[in-house]
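J.: For reference, the structure I am asking about is given below.
The values are calculated or read from the model by the stated rules, or taken from the named source; none is laboratory data. Not measured: the values here are computed from a predicted model. Neighbour counts are summed over all protein chains in view; Cβ atoms, including those assigned to glycine, are modelled from backbone coordinates with ideal geometry.
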Amino acid sequence: MIGDDDAKKQFYNPQADVEYLSRVIYDWLLKNRRLQARKYLVGESYGGFRGPRITHYLQTQLGVAMNGVVLVSPYLNPTLDDNGDVSPLAWMLTLPSIAAAHLERQGQLSDSAMRQVIDYTRGDYAVALMKGRTDPQATEAMLQQVTRMTGLDPAYVRRSGGRLETQAYLREVFRDKGELGSRYDSNVTAFDPFPNDAEQRANDPLLDSIIAPTTTAMVDFVTRVVGWKIDAQYRALNYDVNKLWDWNDELRKGAVTQLRQSVAIDPKLRVLIAHGWNDLSCPFMGSVLTVDQMPAMGSDSKRVQVREYPGGHMFYNRADSQAAFRSDVKAMYQTR
């Protein structure tokens with residue numbers, strides 16, 4: 001027997017998490033005689049990290065195959081933003097989402113506009129960052145283009161070298177209004193209670209603002225609508241579990257290896273990766289670059305695809321984005 005603290009330590013880590021959730025899925029399918037049914041797995045945010053790992057574990061350890069996997073704003077490849085001092089990748093992730101937020105504020109956000117942003121990020125922006133001080137003309141052209149794309153103060157863009165760090169940007173973009181942007185949707189703001197401090201002291205505007213309404217709505221739904229009376233406290237965000245979670249090297253590895261392996265094992269498996277353009281917590285460009293580097297593994301290029309929508313981390317709370325997302329998921333479900 002082990003104590004509660006040791007049990008929690010073993011339980012709160014990426015691999016144990018994947019294994020027990022996989023077993024829950026397997027046991028449910030077995031109990032309800034649904035092993036032969038079509039099966040789809042959806043994971044959001046950290047669930048997007050879980051998704052490929054659970055899919056692969058089910059395939060190889062429990063003998064269960066998914067027909068499709070939907071990853072919503074996934075935490076898929078966390079190491080992409082490492083080594084920003086020597087690699088352009090970290091800055092290639094943030095620029096498109098920052099540009100998307102500016103386009104939205106100008107009423108000019110569209111798929112065609114974002115295709116231009118993505119092309120620039122993959123091309124001249126990456127090249128200018130790689131050249132660095134060896135090509136002053138390319139650097140100057142890049143600084144001017146980044147300023148145009150983001151609407152930021154030219155002096156700020158120049159000081160940053162065109163490398164836009166997320167948290168600094170979220171303070172800078174609304175500084176004249178005394179507001180902070182959210183990393184989950186940079187056009188969602190709240191007043192900065194400490195605007196004169198050198199570092200941000202307030203929590204994320206969106207996270208803080210949704211705790212009360214989501215908790216109230218969920219508790220009301222469970223207790224009044226569903227009729228499940230329970231004394232346990234509902235926590236929209238469980239900070240205690242977050243503190244106890246073992247953020248080990250396994251987490252930093254992401255889930256790209258398992259994504260590739262799962263698709264390679266099952267030639268019928270389809271994966272839809274969905275993102276909001278404004279999301280800086282799990283930027284869409286990370287998934288775009290990740291999928292770009294995957295081998296084709298067959299003639300169907302849409303077997304693994306990235307789809308983007310107006311909005312942030314929870315883009316589906318916008319009616320148009322929700323409808324477009326629903327249509328894309330439905331199309332994947334109907335593909336045999």
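J.: Consider Leu109 carefully, then state whether it is hydrophobic (A, V, I, L, M, F, W, C), more than 19 Å from the chain's Cα centre (by Cα), surrounded by fewer than 22 Cβ atoms within 10 Å (Cβ to Cβ) and within 18 Å of His313 (Cα to Cα).
T.: On the way: hydrophobic (A, V, I, L, M, F, W, C): yes; more than 19 Å from the chain's Cα centre (by Cα): yes; surrounded by fewer than 22 Cβ atoms within 10 Å (Cβ to Cβ): yes; within 18 Å of His313 (Cα to Cα): yes.
So Leu109 fits the description; yes.
One line per residue, one yes/no per condition, for (1) under 22 Å from Glu104 (Cβ atoms); (2) in contact with a Lys or Arg (Cβ under 9 Å, 6 or more places away or on another chain); (3) β-branched (Val, Ile, Thr):
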site	(1), (2), (3)
Arg122	yes, no, no
Glu140	no, no, no
Thr150	yes, no, yes
Arg159	no, no, no
Thr166	yes, yes, yes
Arg171	yes, no, no
Thr189	yes, yes, yes
Asn196	no, no, no
Gln200	no, yes, no
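J.: Restricting attention to region 73-102, report how many residues are under 19 Å from Glu308 (Cα atoms) and either among the polar types (S, T, N, Q) or without any contact (Cβ under 8 Å) to a residue 12 or more places away in the chain (or both).
T.: Of the residues in that region, 4 qualify.
J.: I would also like to ask the following. So which helices (runs of 4 or more DSSP H) are wholly in region 109-166 and hold at least 2 residues that are in contact (Cβ under 8 Å) with a residue 24 or more places away in the chain and within 21 Å of Gly181 (Cβ to Cβ)?
T.: Working: elements: 111-120, 126-131, 136-150, 154-159.
Because the criterion is at least 2 residues that are in contact (Cβ under 8 Å) with a residue 24 or more places away in the chain and within 21 Å of Gly181 (Cβ to Cβ), the helices (runs of 4 or more DSSP H) in region 109-166 that meet it are 111-120, 136-150.
J.: Please go through region 82-105 and give me each residue that is surrounded by fewer than 16 Cβ atoms within 10 Å (Cβ to Cβ) and farther than 24 Å from Glu140 by Cβ, ordered by number. Can you show your working first?
T.: So in region 82-105, the residues surrounded by fewer than 16 Cβ atoms within 10 Å (Cβ to Cβ) come out as 82-87, 105.
Within region 82-105, Asp82, Asn83, Arg105 qualify.
J.: Shifting gears a bit: Residues that are farther than 30 Å from Glu104 by Cα and either in contact (Cβ under 8 Å) with a residue 12 or more places away in the chain or touching a Gly at 6+ places or on another chain (Cβ under 7 Å) (or both): find the helices (runs of 4 or more DSSP H) completely inside region 230-336 holding 2 or more of those.
T.: So the answer is 239-244, 249-252, 256-265.
J.: So, Gln36, is that one surrounded by 17 or more Cβ atoms within 10 Å (Cβ to Cβ), more than 24 Å from Phe315 (Cα to Cα) and either modelled with pLDDT under 95 or not acidic (Asp, Glu) (or both) or not?
T.: Values: surrounded by 17 or more Cβ atoms within 10 Å (Cβ to Cβ): no; more than 24 Å from Phe315 (Cα to Cα): yes; either modelled with pLDDT under 95 or not acidic (Asp, Glu) (or both): yes.
The answer is no for Gln36.
J.: Go over the candidates Arg270, Arg235, Arg224 one by one and state the one that is of a type in the set (Lys, Arg), surrounded by fewer than 14 Cβ atoms within 10 Å (Cβ to Cβ) and in contact with a Ser or Thr (Cβ under 9 Å, 6 or more places away or on another chain). Quick ask: steps written out before the conclusion?
T.: Numbers: Arg270 fails: surrounded by fewer than 14 Cβ atoms within 10 Å (Cβ to Cβ); Arg224 fails: in contact with a Ser or Thr (Cβ under 9 Å, 6 or more places away or on another chain).
Exactly one of Arg270, Arg235, Arg224 is of a type in the set (Lys, Arg), surrounded by fewer than 14 Cβ atoms within 10 Å (Cβ to Cβ) and in contact with a Ser or Thr (Cβ under 9 Å, 6 or more places away or on another chain), namely Arg235.
J.: State whether one or more residues within region 112-130 are over 28 Å from Ser45 (Cα atoms), basic (Lys, Arg) and touching a helix residue (DSSP H, G or I) at 6+ places or on another chain (Cβ under 9 Å).
T.: No: region 112-130 contains no residue that is over 28 Å from Ser45 (Cα atoms), basic (Lys, Arg) and touching a helix residue (DSSP H, G or I) at 6+ places or on another chain (Cβ under 9 Å).
J.: Moving on. Can you tell me which residues in region 295-330 are at pLDDT below 95 and among the hydrophobic types (A, V, I, L, M, F, W, C)?
T.: The answer is Ala296, Met297.
One line per residue, one yes/no per condition, for (1) surrounded by fewer than 21 Cβ atoms within 10 Å (Cβ to Cβ); (2) modelled with pLDDT of 95 or more; (3) in contact with a His (Cβ under 9 Å, 6 or more places away or on another chain):
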site: Gly3; (1), (2), (3): yes, no, no
site: Gln15; (1), (2), (3): yes, no, no
site: Gly51; (1), (2), (3): no, yes, no
site: Arg115; (1), (2), (3): yes, yes, no
